Amino acid sequence: MDTIVLVAGHMLHSVQIEFARYMAGAAGVAVLYYLVRNAIAHRRIQNRAATNADRRREFVQSVRAIAVFSVVNLITFAMIGKGLIPLNRGEPHLGVLLAQIVAMTVMHDTWFYWMHRSLHRPALFRATHATHHLSRTPTSWAAYSFAWGEAVAESIYIPAMFVIVSLVAPIEPWAAFIVMGHQIARNAFGHAGFELAWSGFTRSPLTRWMTTTTHHDLHHTEGKYNYGLYFTWWDRLMGTEHPRYHERFEAVATRRRDALPEQATA
Ligand SMILES: [Zn+2]
Ligand SMILES: [Zn+2]
């Protein structure tokens, strides 16, 4: 009985953490973009506007995915409890903290690219990733809009990644918190449908290694390109970058503020 109460308590705590993170990203970006809607109207990537039904579906699916993430969190907590994932419970070490943030972000991007490409294989797509692609015009609410199977694939790397990283040094809890905060921010902005990066962003050596909202938006409209999450490295290396990515990006990034709606093509 005590075990059931303990597991239920951990589960509830997990749901609260995951839901709070989702709302901070999805609702945070939605409210922010609503407040500045006039200033960014000309930066809308697609002509089609998402409907409230789209947002509702994305929200409901995200809540289901949060239930799966919370179960995976229970596995992670159990592994921490058993000492399989050592944590630094003392003062953070700044060097280790920064190294873990970089390592975990690169590892997540690599996992995401290959997992995402695999889910696009016809045998897996319908059963898993088709749910996410119901969003042809995604919004920030689509951040966690995954079917059960994809929600498992999207989160199971976390305990595995912690085990690998902790072989070098105990996990810094702040590193995990910052990596997950960065994840939801990039995820919510990447689905939000407005390109706010500046002209030249996708070509400059200083910035071209980062994905943009146009990068992932093109994935939602055309499917077979731009599988990457944070970085453009894997798509460039594997030849899966959209052939007109730069052109489509520049079309939005250079659009004049007074452009007529019909000029605002996707
Ligand atoms: Zn997406
Ligand atoms: Zn996809």
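Every read-out reported here was derived from the displayed coordinates using simple, explicitly stated rules and does not represent laboratory data. Everything quoted here is computed from the prediction, not taken from an experiment. Every residue, glycine among them, receives a Cβ derived from its backbone with ideal geometry; neighbour counts consider all protein chains shown.
Suppose we filter segment 105-114 for residues that are within 14 Å of ligand 2 (Cβ to nearest atom) and over 13 Å from the mean Cα position of the chain (by Cα); how many remain?
Residues flagged as within 14 Å of ligand 2 (Cβ to nearest atom) and over 13 Å from the mean Cα position of the chain (by Cα) within segment 105-114 amount to 1.
For segment 123-238, list the helices (runs of 4 or more DSSP H) that sit wholly inside it and hold at least 2 residues that are within 25 Å of Ile40 (Cα to Cα), polar (S, T, N, Q) and away from ligand 2 (no atom under 14 Å from the Cβ); which are they?
Those helices (runs of 4 or more DSSP H) span 213-222.
For segment 1-93, which fully contained helices (runs of 4 or more DSSP H) count at least 2 residues that are in contact (Cβ under 8 Å) with a residue 60 or more places away in the chain and farther than 24 Å from Leu134 by Cα?
In segment 1-93, the matching helices (runs of 4 or more DSSP H) lie at 2-35, 52-81.
Among the residues of segment 159-194, write down those that are within 16 Å of ligand 1 (Cβ to nearest atom) and touching a strand residue (DSSP E or B) at 6+ places or on another chain (Cβ under 8 Å).
Those that are within 16 Å of ligand 1 (Cβ to nearest atom) and touching a strand residue (DSSP E or B) at 6+ places or on another chain (Cβ under 8 Å): Gly193, Phe194.
Please enumerate the residues belonging to segment 225-239 that are surrounded by fewer than 18 Cβ atoms within 10 Å (Cβ to Cβ) and among the small types (Gly, Ala, Ser).
Passing the criteria: only Gly239.
Taking segment 115-127, which residues are within 13 Å of ligand 1 (Cβ to nearest atom) and more than 14 Å from the chain's Cα centre (by Cα)?
Leu119, His120
Would you point out which residue out of Leu237, Leu229 is under 16 Å from Asp109 (Cβ atoms) and more than 16 Å from ligand 1 (Cβ to nearest atom)?
Residue meeting the stated conditions: Leu237.
Any residue in segment 100-123 that's free of Cβ contacts under 8 Å to residues at least 40 places away in the same chain: show its pairings with residues that are within 14 Å of ligand 1 (Cβ to nearest atom) and part of a helix (DSSP H, G or I) at Cβ separation under 9 Å, as long as the two are six or more apart or on different chains.
As it stands, the answer is Ser118/Ala153; Leu119/Phe125; Leu119/His132; Leu119/Glu150; Leu119/Ala153, since those pairs meet every condition given.
So Phe146 fits all but one of (1) within 16 Å of ligand 1 (Cβ to nearest atom); (2) surrounded by fewer than 21 Cβ atoms within 10 Å (Cβ to Cβ); (3) within 22 Å of Ala192 (Cβ to Cβ); what number is the exception?
(2)
Kindly list, by first and then second residue, each pair from a residue in segment 204-221 that is in contact (Cβ under 8 Å) with a residue 60 or more places away in the chain to a residue that is among the aromatic types (Phe, Trp, Tyr) and in a helix (DSSP H, G or I), limited to pairs with Cβ atoms under 6 Å and residues at least 6 apart or on different chains.
Close Cβ pairs (under 6 Å, with a partner that is among the aromatic types (Phe, Trp, Tyr) and in a helix (DSSP H, G or I)) amount to Thr214/Phe249.
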